[in-house]
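What follows is calculated from the coordinates using simple rules that are stated; it is not laboratory data. Keep in mind it's a predicted model, so treat the numbers as computed, not measured. With ideal geometry, Cβ positions are generated from the backbone for all residues, glycine too; neighbour counts draw on all protein chains shown.
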Amino acid sequence: MQSLATLSSAADQLVWVGRRFDQRGWVLGTSGNFSIVIDRDPLRLAITPSATLKGELTADQILEMDERGEPIGAGVARPSTEALLHVEIVRARSAGAVLHTHSISGTLLSDGYGDSGGMAIEGFEMLKGLDGVRTHEHREWLPIVENDQDIPRLATVVRRVLDDHPAAHGFLIRRHGLYTWGADLPQAVRHVETLEFLLEVQLRSASWRS
């Protein structure tokens with residue numbers, strides 16, 4: 001059985017992720033949120049706080065939260081407002097880490113394909129960066145969920161989408177951004193970088209064809 005991270009080690013890893021993704025322009029402003037599972041029974045996650053610059057995070061800002069999205073321990077900081085989405089993804093996929101980015105490509109494509117309920121990506125070698133994919137001939141369906149400021153309601157929709165698309169490696173929230181996950185943080189990071197690459201290719205390709 002894979003060992004889980006401690007809060008301290010998870011905090012260091014999430015700080016690293018914030019800097020890495022900030023350098024790519026995927027978490028501008030205070031956008032994005034990241035989590036790592038540190039216990040499964042009861043469920044506990046290390047998660048980034050709300051309203052913070054992800055490229056300037058420090059380890060002492062990382063919070064521990066429970067399965068209700070509530071912080072554990074003293075302090076005035078709150079987890080990301082989308083904390084319940086992390087909980088639903090962890091439960092549905094037995095994920096060890098969940099990552100959310102706000103790239104320009106993901107935002108534009110999620111709107112452009114939103115009425116179709118998702119977008120297909122196929123034929124690219126980069127698809128082999130996704131867990132279990134062995135050929136460029138793979139067809140990845142990326143579901144798109146309508147945005148909603150009612151997070152418990154959105155979490156219910158996300159869980160239904162995950163149940164309906166068990167092969168999906170991620171999903172988009174319309175006019176918002178990408179969510180993906182992994183068995184551990186390195187796999188989740190690989191999925192972000194793979195999917196963000198493919199989203200940028202799709203966007204540039206659409207612009208070139210027009």
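Measuring between their Cα centroids, the stretch 13-48 and the stretch 57-78 lie 12 Å from each other. Sites counted here are trypsin sites (Lys or Arg not before Pro) in a DSSP loop (not H, G, I, E or B) having no more than 11 other Cβ atoms within 10 Å; the longest part of the chain that contains none of them is 135-210.
Quick one: in the stretch 94-182, what % of C-alpha pairs are over 21 Å apart? Don't skip to the answer; put the middle values down first.
Numbers: 1106 of 3916 pairs.
Value for the stretch 94-182: 28 percent of Cα pairs lie more than 21 Å apart.
When +1 charges are put on Lys and Arg Cβ atoms and -1 charges on Asp and Glu Cβ atoms, the dipole computed for the stretch 51-93 relative to its Cα centre reaches about 140 debye. Using just its DSSP H runs of length 4 or more, each adding -39500 (n - 2.57), the chain gives a mean residue ellipticity at 222 nm of -12000 deg cm²/dmol after division by all residues. Per-residue 3J(HN,Hα) values for the stretch 52-62, derived from phi via the Karplus relation 6.51 cos²θ - 1.76 cosθ + 1.60 with θ = phi - 60°, read 10, 6, 5, x, 10, 5, 10, 4, 6, 8, 6 Hz in sequence order (x marks Gly and Pro). Using the alpha carbons alone, the radius of gyration of the chain stands to its Kirkwood radius in an Rg to Rh ratio of 0.95.
Put a dot 7 Å past the Cα of residue 200, heading toward its Cβ, do the same for residue 157, and the two dots end up 2.8 nm apart.
Taking 0.36 nm per residue of separation and subtracting the current Cα-Cα distance, fully stretching the chain between residue 28 and residue 126 would add 32.8 nm. Around the amide H of residue 39, modelled in the peptide plane, lie the amide H atoms of 44, all under 5 Å away and 5 or more residues distant in sequence or on another chain.
Fraction of C-alpha pairs exceeding 19 angstrom in the stretch 139-210: 41 percent, rounded to a whole number.
Kindly put 200, 193 in sequence by how many other C-beta atoms sit within 10 Å of each C-beta, fewest to most.
Details: 200 16, 193 19.
The fewest-first ordering by Cβ neighbours comes to 200, 193.
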